[in-house]
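As structure tokens, the structure follows; a few thoughts come after it.
The values are calculated or read from the model by the stated rules, or taken from the named source; none is laboratory data. What you see is a predicted model, and the numbers here were worked out from it, not measured in a lab. For neighbour counting, all protein chains shown are included, and Cβ atoms are generated from backbone atoms with ideal geometry for every residue, glycine included. All accessible areas refer to the heavy atoms of the entire protein, side chains included, with ligands and DNA or RNA removed. Shrake-Rupley method; radii C 1.70, N 1.55, O 1.52, S 1.80 Å.
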Amino acid sequence: MSRKDLHHIFTQINRPSRYLGDELGSIKKDPAHVDLRFALAFPDVYEVGMSHLGYAILYHVLNGMDGVAAERVYAPWPDMEAHLRKSATPLTSLETERPLGDFDIVGFTLQYELSYSNVLNMLDLGGIPRRRCDRNDRHPLVVVGGPCAYNPEPLADFIDCAVIGDAEEAVIDLCQALRSSREAGESRTALLQRLSRIEGVYVPSLFAVGYEKDGRIDAIRPSREDYTRVRRRFLNDLETAPYPIAPIVPFMNTVHDRVAMEIARGCTRGCRFCQAGYIYRPVRERSPQKIVDLIDQALEGSGYEEVSLLSLSTGDYSCIEPLLKGLMDRYAKSKVAVSLPSLRVGSLTPELMEEIRKVRKTGFTLAPEAGTERLRQVINKGITEEDLLEATHSAFSLGWRRIKLYFMMGLPSETDEDLEGIVTLSARVKRSGKGTEGGADVAPSVSTFVPKAHTPFQWEAQIGINETLRRQQLLREGLKNRKMRLKWHDARLSFLEGVFARGDRRLAAVLDKAVDLGCRFDGWQEHFDYDRWMAAFEACGLEPAWYLRERSEEEILPWDHIDCGIPKAYFRLERRRALDGTYTPDCRTGQCSHCGVCDFEERRMRLNDPAESPSLQAAPMAEEPAQQEERCKIRLRVRKGGKARFVGHLEFMALFQRAVRRGRIPVRFSCGFSPQPRISFPDALPTGVESDAEVIDIELNQPWPAEQVVQTLNDQLPEGFHVIEGVAIPWQSPSSSASIREVVYRVELPEKSPSDLDRRIEDFLAAAEVLHKKEKGNKIVSIDLRPGVLAICREGRTLELHLKKGSPTALAGHLLGLTQEEVRALRIRKTQTLLN
């Protein structure tokens with residue numbers, strides 16, 4: 001399919017900016033200098049994948065290699081998939097629109113078990129055979145990584161290999177191995193043998209799995225004596241680890257639309273349900289100075305207005321208080337917010353809460369996980385009810401209006417008394433806010449415990465759907481009586497997640513069948529189809545509930561040949577301590593727990609000394625603000641064309657504001673708790689309409705020549721956006737949007753236009769009222785088109801619409817007798833904006 005045809009599809013789908021590419025920071029390499037192409041495939045929609053930091057890190061690691069081109073591919077939303085299938089168009093990358101099947105390596109990141117159906121569907125759409133046995137030397141190498149790769153067995157028949165552990169160095173080794181294999185003229189089988197010698201790379205075809213009659217695993221048989229277990233790959237030092245200082249800035253708003261800074265990797269709190277707490281050990285912190293340097297560069301390269309400090313437990317970072325205070329002071333003048341997404345009750349000091357209060361007071365999230373002291377001891381949470389109530393009282397007193405509480409149900413040894421404890425604890429949290437500045441709004445939510453591989457609870461049973469529903473109902477009723485509403489996770493989604501989290505290779509047949517039946521985006525409530533999944537299990541003769549059962553400690557587990565760095569004996573010990581209610585202290589501050597992950601030389605905890613935390617200066621600005629403002633206003637005329645016409649209005653506003661930030665243009669900000677740049681945009685241009693006349697006013701707090709503003713913005717705006725001209729106007733001038741008297745649009749007529757179009761135009765202009773029906777949400781509404789129309793002219797194959805207000809698409813559709821879908825395919829361009 002040609003680029004033109006692909007762009008025609010964009011007019012027929014929702015949120016086309018998911019598929020545009022050419023974002024600021026994206027990398028297109030010269031094909032003449034590329035010998036290895038790596039597709040980074042994310043098995044979810046664009047706005048989710050673009051929010052994943054690990055994915056961004058690998059993109060820059062791979063593109064930093066000579067001769068390697070890494071490009072991004074995301075799961076197409078069902079409307080886009082339908083168009084691809086109807087037109088027999090393969091799934092392609094964003095950077096060069098290369099079909100997925102034309103890459104040398106396709107690497108999927110596995111963040112969630114319910115994304116597996118998307119993995120297979122993306123292979124289908126890319127023209128790549130699903131099963132490994134059906135692929136040959138002409139097909140890409142299919143690789144997976146991420147947390148779900150610690151039990152890759154449900155996908156074992158579909159993948160060539162899996163990267164277990166930290167991937168920053170492993171992907172480089174993977175590329176080099178493929179190059180060496182090519183130079184040696186090796187077969188695909190020989191290549192897989194070569195890959196198996198890379199630390200942290202698991203090749204499923206080199207292991208055979210046998211089963212007992214009752215379904216349990218009889219044996220996992222390696223094909224080589226020197227390849228019996230696959231040990232995870234470790235990145236020893238986060239201080240020298242790669243980080244994307246020039247991040248890709250998406251056109252659309254993503255789930256996490258900000259600079260994401262990983263300040264630490266790993267956690268030693270030892271929560272016994274938490275897989276991430278074990279598979280990312282040991283704790284490795286970045287130094288405060290390194291964090292500041294990286295954030296400075298990322299902000300300069302992106303124009304983001306927020307920084308998020310990431311780790312499994314951000315509050316446990318050794319220098320968190322001086323770092324947070326220093327960052328907030330540093331970026332105060334440039335109006336950049338700093339946020340902490342993950343906080344733990346035990347790490348919340350009054351000083352830290354005071355700093356967080358300066359950033360946001362709308363919502364505060366804490367995760368007690370269990371409602372009773374007993375059960376929190378079982379899971380090794382390490383917080384008391386007193387700790388929690390002290391934190392919530394402080395939060396309400398500091399002005400927070402709402403506190404969210406996250407709990408789990410179905411934890412080992414849980415009883416109805418523990419569930420009642422959730423209700424009681426939530427009520428006490430609510431009472432802790434009475435009489436405070438913030439108020440006392442409490443929002444409890446509960447998810448179902450899913451046992452995960454490589455945790456002390458990997459042997460435990462998971463409660464089924466009916467029991468989940470019963471416990472949810474108990475919580476709903478109890479909280480309703482206390483005037484609180486419960487949020488909960490769909491029982492059927494948790495059920496399926498649990499099946500695949502501890503599944504084996506036999507699930508490949510089920511997954512195959514489910515995708516054939518149409519299963520996609522199973523983690524999305526609106527697309528999950530439980531009945532289709534149950535039909536797939538039935539067709540394959542497997543009982544899904546069997547996978548939720550309690551396992552014997554002597555049983556061979558599907559992932560026993562995957563070594564996460566912590567021996568099974570330690571997990572057995574922790575399981576027994578859980579059942580005894582014995583707490584295991586955090587080895588950050590207590591004695592070593594002897595989990596086995598450290599060698600105490602290269603692989604060890606790397607913590608900062610709070611006493612050595614540097615003092616941070618204010619972030620550099622283009623020019624120091626004048627002592628007294630010299631207000632001025634620049635009026636700009638901006639072009640929006642090509643693929644950029646599919647960028648929505650709110651997306652356009654965000655990318656323009658970020659261009660202003662990157663250019664360090666001294667824009668004025670509004671006052672108040674959430675200051676916004678004083679930039680006035682025109683009325684929304686319909687998505688898909690091009691423009692040579694978007695008029696934007698930007699207020700400055702000191703004079704800049706209009707030519708300098710134009711040049712600076714053009715240096716920063718992505719392809720498809722261009723500032724045509726700029727002029728200084730009196731700062732008291734009304735906004736451009738309030739000054740518009742006429743807008744002119746040019747419409748290219750379709751091949752089959754009404755033969756009586758001239759008469760239709762005459763009748764329209766002669767009428768006092770012209771009602772037009774249009775869809776608005778789920779309703780059909782009538783609007784009067786006539787008052788907003790000044791003139792309509794036809795010149796050959798084009799219409800010229802002169803409007804005072806209103807949409808050119810509605811008017812063109814009415815005159816041409818087109819449906820809303822047909823109107824979207826028209827080529828319409830705004831050519832003039834005339835002001836009073």
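Only one entry in A654, A659, A728, A684 is of a type in the set (A, V, I, L, M) and assigned to a strand (DSSP E or B), namely A728.
Of everything in the stretch 668-681, what is among the hydrophobic types (A, V, I, L, M, F, W, C), outside any loop (DSSP other than H, G, I, E, B) and either within 17 Å of E306 (Cα to Cα) or touching a residue at least 40 places away in the same chain (Cβ under 8 Å) (or both)? Give them in sequence order.
Going through the stretch 668-681, the residues among the hydrophobic types (A, V, I, L, M, F, W, C) turn out to be 669, 671, 673, 679, 681.
This time we only want the ones that are outside any loop (DSSP other than H, G, I, E, B), so: 669, 679.
Hit for the stretch 668-681 is F669, nothing else.
Based on this model, can you work out whether L352 counts as surrounded by fewer than 21 Cβ atoms within 10 Å (Cβ to Cβ), in contact with a strand residue (DSSP E or B) (Cβ under 7 Å, 6 or more places away or on another chain), under 22 Å from R284 (Cα atoms) and hydrophobic (A, V, I, L, M, F, W, C)? Here the answer is no, as L352 does not meet what is asked. Scan the stretch 196-215 and give yes if some residue there is without any contact (Cβ under 8 Å) to a residue 60 or more places away in the chain, in a helix (DSSP H, G or I), surrounded by 14 or more Cβ atoms within 10 Å (Cβ to Cβ) and hydroxyl-bearing (S, T, Y), otherwise no. No, the stretch 196-215 contains no residue that is without any contact (Cβ under 8 Å) to a residue 60 or more places away in the chain, in a helix (DSSP H, G or I), surrounded by 14 or more Cβ atoms within 10 Å (Cβ to Cβ) and hydroxyl-bearing (S, T, Y). The number of residues in the stretch 136-162 being assigned to a loop (DSSP other than H, G, I, E, B) and either in contact with an Asp or Glu (Cβ under 7 Å, 6 or more places away or on another chain) or open to solvent by less than 20 Å² (accessible area, probe 1.4 Å) (or both) comes to 7. Quick check on E699: is it touching a Phe, Trp or Tyr at 6+ places or on another chain (Cβ under 7 Å) and either at pLDDT 95 or above or open to solvent by less than 70 Å² (accessible area, probe 1.4 Å) (or both)? Yes. When the stretch 516-549 is filtered for residues that are open to solvent by 30 Å² or more (accessible area, probe 1.4 Å) and hydroxyl-bearing (S, T, Y), only Y530 remains. Of the residues in the stretch 96-113, how many are buried (at least 21 other Cβ atoms within 10 Å of the Cβ) and not polar (S, T, N, Q)? The number of residues fulfilling the criteria is 8.
One residue stands out among those in the stretch 281-305 that are among the small types (G, A, S) and either in contact with a Phe, Trp or Tyr (Cβ under 7 Å, 6 or more places away or on another chain) or open to solvent by 20 Å² or more (accessible area, probe 1.4 Å) (or both): the one that is modelled with the highest pLDDT, which is S287. Within the stretch 163-195, the set of residues being farther than 25 Å from A56 by Cα and in a helix (DSSP H, G or I) comprises S180, S181, R182, E183, R188, T189, A190, L191, L192, Q193, R194. In the stretch 767-788, the residue that is modelled with the lowest pLDDT out of those that are open to solvent by less than 90 Å² (accessible area, probe 1.4 Å) and of a type in the set (A, V, I, L, M) is V781. When the stretch 22-65 is filtered for residues that are hydrophobic (A, V, I, L, M, F, W, C), open to solvent by 20 Å² or more (accessible area, probe 1.4 Å) and under 23 Å from M122 (Cα atoms), the ones remaining, listed by number, are I27, V48, M50, L53, A56, L58. Meeting the requirement of 3 or more residues that are among the polar types (S, T, N, Q), the helices (runs of 4 or more DSSP H) wholly within the stretch 282-381 are 288-302.
Look through the stretch 789-810, keep the residues that are without any contact (Cβ under 8 Å) to a residue 60 or more places away in the chain and closer than 25 Å to N14 by Cβ, and return whichever of them is most open to solvent (accessible area, probe 1.4 Å). Among those that are without any contact (Cβ under 8 Å) to a residue 60 or more places away in the chain and closer than 25 Å to N14 by Cβ, it is G806.
Only a single item in (1) at negative phi; (2) among the aliphatic types (A, V, I, L, M); (3) at pLDDT below 95; (4) open to solvent by 20 Å² or more (accessible area, probe 1.4 Å) is not met by A88, and it is number (1). Kindly evaluate T254 against the criterion of being hydroxyl-bearing (S, T, Y) and either farther than 25 Å from P152 by Cβ or touching a helix residue (DSSP H, G or I) at 6+ places or on another chain (Cβ under 6 Å) (or both). Judged against the criteria, T254 is a match. Just one of the numbered conditions (1) part of a helix (DSSP H, G or I); (2) closer than 21 Å to L110 by Cα; (3) among the aliphatic types (A, V, I, L, M); (4) open to solvent by less than 10 Å² (accessible area, probe 1.4 Å) is not true of L479: (2). I'm told K805 meets every condition in (1) basic (K, R); (2) within 21 Å of E748 (Cα to Cα); (3) part of a strand (DSSP E or B); (4) under 38 Å from the mean Cα position of the chain (by Cα) except one. Can you identify the failing condition by its number? Failed condition: (3). Among the conditions (1) in contact (Cβ under 8 Å) with a residue 24 or more places away in the chain; (2) under 17 Å from V747 (Cβ atoms), I783 misses just one, which is (2).
Table: residues versus (1) open to solvent by less than 20 Å² (accessible area, probe 1.4 Å); (2) touching a Cys at 6+ places or on another chain (Cβ under 7 Å); (3) at pLDDT 95 or above.
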position	(1), (2), (3)
D218	no, no, yes
Y227	yes, no, yes
V230	yes, no, yes
R233	no, no, yes
A241	yes, no, yes
P244	yes, no, yes
F251	yes, no, no
